[in-house]
Amino acid sequence: MKRTDAKLPAVVWALGLASFLTDLSSEMIYPLLPVFLAGTLGAGAVSLGIIEGVAETTASVLKIFSGRWADRVTRRKPIILAGYTLSSLARPLIGLAWAWPVVMALRFTDRVGKGVRSSPRDALIADAVPAARRGEAFGIQRSLDHAGAVCGPLVAAGLMTFLGLSLRNVFLLAAVPAVACIVALAVGIHETPRIVTPKAAGEKGESAVSPEYRRFLIALALFALGNSTDAFLLLRLSNAGVAAALIAVLWSAHHVVKMTAAYYGGSLSDRIGRKTMVMAGWGVYALAYLGFALVDHAAPLIVIFLAYGLYQGFCEPSEKAWAVDLVPAGVRGTALGWYNGVTGLAALPASILFGLVWQSFGAPAAFMLGCVLAGLAAALLLRVPATASGSADPK
């Protein structure tokens, strides 16, 4: 792909800054939520499972509908701003919760906001840049998102360690970056109204589910079915003798790897192609899972875990850019909605399947299953073209 050296539009940086601030706010809370539920509210693991299951399923389903909605309106900024605002208002209120159902209601509201904003945000990024720089733009957004995930737990730890703040007060202070996120969006996004026709608005939706795009989604769904929650990786580290404190540090370092890989991986996909980057990322994933299946010692598992972060960094921006490349401009929101929704909805059955295999046959069998499914998905992905047949990007 031909590439220019012009600066990326300000909207890309504004949306990236919003991702950083909202993840900073979220990660001041999320890693501490199990401790809060168990220690402060007296809730158990079942309650945590219900809360997260409801929250993430809600977000995944809404991403599909918000993507179609984004194709039907002339301006996407109001949808994006509404989604971020809803999450920003709900999330810090967890600090005032007196029972786990209240936490569930607030997490549900938070994830509704995520489901509303994600696909329109991605579509706005895709519209703002030429095809030759889509990977770079998505890479910047994902990199800043992971940067927030690095900083959030560190800020929370600092507030508790050096200022002696309680969990509730830390959660309430998560409102500060959340409010800053809303301001960044309100000031930083300047959107030119789009011209929307009934066909472009996706009323029938045929263009977004072309044969090429359908094969793309099927391959992603199969891969996602073997891609369980990263909590199993952390459990494997723990079982190998890695101390809890070191696991927390490794989790932060893991996000540093993802942040760096997303920035460079997105840009690289503009040069060598989306398929090459995604296949490379899936290869890293398969090797990491193979390593977790065969290795029992802590030191090599730590190295494998950190290298595993390359997979997400390589794939996240490249997959989104590829999804846009496969569809006409008028249904980008719909296509990204299906991408976000399918990969999100597969997460719950993937984790259940992984847990059942782990419990029945042991951890090596579970990780080997993920490796095999990644290989089968890669075989399907080879049949997906770089762009939709007969399509031409206006940019």
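Available extension along the chain between THR40 and LEU382 is 118.1 nm, counting 0.36 nm per residue and deducting the alpha carbon span. Dimensions of region 10-381 from C-alpha coordinates, computed as largest minus smallest value along each principal axis and given longest first, are 56, 46, 32 Å. Couplings for region 264-276, taken from phi via the Karplus curve 6.51 cos²θ - 1.76 cosθ + 1.60 with θ = phi - 60°, read 6, x, x, 5, 5, 5, 5, 9, 10, x, 5, 4, 4 Hz in order; Gly and Pro are left as x. For region 76-88, putting each phi into the Karplus relation 6.51 cos²θ - 1.76 cosθ + 1.60 with θ = phi - 60° gives couplings of 9, 4, x, 5, 4, 5, 5, x, 5, 5, 4, 5, 5 Hz, in residue order, rounded to whole numbers and with x for Gly and Pro. Backbone geometry of region 143-158 corresponds, through the Karplus equation with coefficients 6.51, -1.76 and 1.60 at θ = phi - 60°, to 3J(HN,Hα) couplings of 5, 5, 4, 5, 4, x, 5, 6, 6, x, x, 5, 5, 4, 4, x Hz, x marking Gly and Pro. Once C-alpha pairs closer than 8 Å and six or more residues apart are averaged by separation and normalised to the residue number of region 10-381, the relative contact order reads 28 percent. Is the shape of region 305-395 best called rounded, prolate or oblate, per the rule: a/c under 1.5 gives rounded, else a/b larger than b/c gives prolate, else oblate, with a ≥ b ≥ c the square roots of the Cα gyration tensor eigenvalues? Note, shape of region 305-395 comes out prolate.
From least to most packed, judged by other beta carbons within 10 angstrom and beginning with the fewest, SER360, SER118 follow the order SER360, SER118. In terms of other Cβ atoms within 10 Å, SER269, SER119, SER87, SER210 run from fewest to most in the order SER210, SER87, SER269, SER119.
Report note on the peptides 88-97, 122-131, 317-326: ranked by the mean count of other C-beta atoms within 10 Å, highest first, their order is 317-326, 122-131, 88-97. With distances taken between every two different alpha-carbon atoms, region 202-316 has a Kirkwood hydrodynamic radius of 15.6 Å. Under a plain spin-label model, where a point goes 7 Å from the Cα along Cα-to-Cβ, how far apart in nm are VAL179 and LYS275? Rounded to a tenth, the inter-label distance reads 5.1 nm. Computed from the alpha carbon atoms alone, the convex hull of region 239-393 holds 119 Å³ per residue. A simple packing score, the average count of other Cβ atoms within 10 Å per residue, orders the peptides 292-305, 155-168, 132-145 as 132-145, 292-305, 155-168, with the highest score first.
Each Lys or Arg adds one and each Asp or Glu takes one away; over the other residues whose Cβ falls under 14 Å from the Cβ of LEU89, this sums to +4.
Here, each number is a calculation from the coordinates, and none is a lab measurement. What you see is a predicted model, and the numbers here were worked out from it, not measured in a lab. Because the Cβ atoms are built from the backbone with ideal geometry, glycine has one as well, and the counts that use them run over all protein chains shown.
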